[in-house]
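Below is one structure, written out as structure tokens; the observations come after it.
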Amino acid sequence: MSRIDVEQIPVLKDNYVYLVRDRATGKVGVVDPAVSDPVLERAKALGWTITHILNTHHHGDHVGGNLAIKAATGCTIVGPKADRDRIPGIEIALGDGEKFRFGDAEAEVFDVPGHTRGHIAFWFPESDALFCGDTLFACGCGRLFEGTPQQMWTSLGKLKRLPDPTRVYCAHEYTQSNIRFALSVDGGNPALQARSRAVDALRAENKPTVPSTIAEERATNPFLRADEQTLARGVGLDAKDPVAVFAAVRKAKDVF
Ligand code: ZN
Ligand code: FE
């Protein structure tokens, strides 16, 4: 049973900020506040009091609201140990395998470098919820700004083995363009074709396609499927070297 309520707030062009409320104690964490005002307004409208900020990585569209939200609420800022120098206002720094608890809700932290060198993900196992920032996207993954294909493949591997029903709360609404690319390398995948239709229908009504589930991502996300022969063939390689396949798929996406 879920111990948390999640409120999704679309901000800027395509970012999602999340309010995560521990039902038992009413403590509320904000995941990756790109901005402050819409987040404070939504919390107020819900009658929720923000107690924590949970940052996945240092990019401005994930930490831009940190200091203003802290000034307004006195909340505690939590983020990646490996990047503590680049997270505004950080007070609690977390690394791979550490547990973070606010109220009765407990998250396990994964180091998932690749997009940036100090990127973490928060997994709430009792609530089947994963907050993965810009590492894993719905049908995509983050660009490799500060990491290697090997690092990102290893990082995605940590997320790929989470339980099927795990909801994937990523930080951007990129799904439709991600699927357009995915079809170009894995067009014969019936699960991907079905997902494409479902996502187009949601976007036609301006509805979010996030969260997805880990089961869906495993079946359709080309960046989790570099060890599958059908995907490897799509980029003219062999699945025995998934890192090379992953690198080729990521490179193709960069120029798609
Ligand atoms: Zn980013
Ligand atoms: Fe981002």
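Listing for the model above:
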quantity: Residue count, the range 177-217 (criterion: among the aliphatic types (A, V, I, L, M) and under 19 Å from the mean Cα position of the chain (by Cα)); calculated: 6
quantity: Helices (runs of 4 or more DSSP H) (entirely within the range 154-256) containing at least 3 residues that are more than 28 Å from P125 (Cα to Cα) and not aromatic (F, W, Y); calculated: 175-186, 190-204, 229-234, 242-254
quantity: Only listed residue being within 16 Å of ligand 1 (Cβ to nearest atom) and modelled with pLDDT of 95 or more, chosen from N178, N206, N221, N189; calculated: N178
quantity: Top-ranked residue in the range 218-244 [being of a type outside the set (G, A, S) and under 19 Å from the mean Cα position of the chain (by Cα); ranked as surrounded by the most Cβ atoms within 10 Å (Cβ to Cβ)]; calculated: P222
quantity: Within the range 117-148, considering residues that are acidic (D, E) and assigned to a loop (DSSP other than H, G, I, E, B), the one farthest from K251 (Cα to Cα); calculated: D128
quantity: Among (1) under 21 Å from T166 (Cα atoms); (2) buried (at least 17 other Cβ atoms within 10 Å of the Cβ); (3) aliphatic (A, V, I, L, M), the one test that A215 misses; calculated: (2)
quantity: First in the range 8-23 and closer than 12 Å to C170 by Cβ, second anywhere and crowded, with 19+ Cβ neighbours inside 10 Å and aromatic (F, W, Y), Cβ under 9 Å, 6 or more apart; calculated: Q8/Y16; Q8/Y18; Q8/Y169; D14/Y174; Y16/Y169; Y18/F131; Y18/Y169
quantity: Residue list for the range 3-34, filter: within 16 Å of ligand 1 (Cβ to nearest atom) and surrounded by fewer than 18 Cβ atoms within 10 Å (Cβ to Cβ); calculated: L12, K13, D14
quantity: Single unsatisfied condition, D96 versus (1) assigned to a loop (DSSP other than H, G, I, E, B); (2) away from ligand 2 (no atom under 16 Å from the Cβ); (3) under 30 Å from R180 (Cα atoms); calculated: (3)
quantity: Single match in T116, T148, T135, T73 (criterion: over 17 Å from A215 (Cα atoms), of a type in the set (S, T, Y) and within 16 Å of ligand 2 (Cβ to nearest atom)); calculated: T116
quantity: One residue from I90, I77, I53, I69 being aliphatic (A, V, I, L, M) and part of a loop (DSSP other than H, G, I, E, B); calculated: I90
quantity: Tally of residues being surrounded by fewer than 21 Cβ atoms within 10 Å (Cβ to Cβ) and at positive phi across the range 108-133; calculated: 1
quantity: Selection within the range 151-182 - within 16 Å of ligand 2 (Cβ to nearest atom) and not small (G, A, S); calculated: M152, V168, Y169, C170, H172, E173, Y174, T175, N178
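The values are calculated or read from the model by the stated rules, or taken from the named source; none is laboratory data. The shown structure was predicted, so the numbers you read here are calculated from the model rather than taken from an experiment. With ideal geometry, Cβ positions are generated from the backbone for all residues, glycine too; neighbour counts draw on all protein chains shown.
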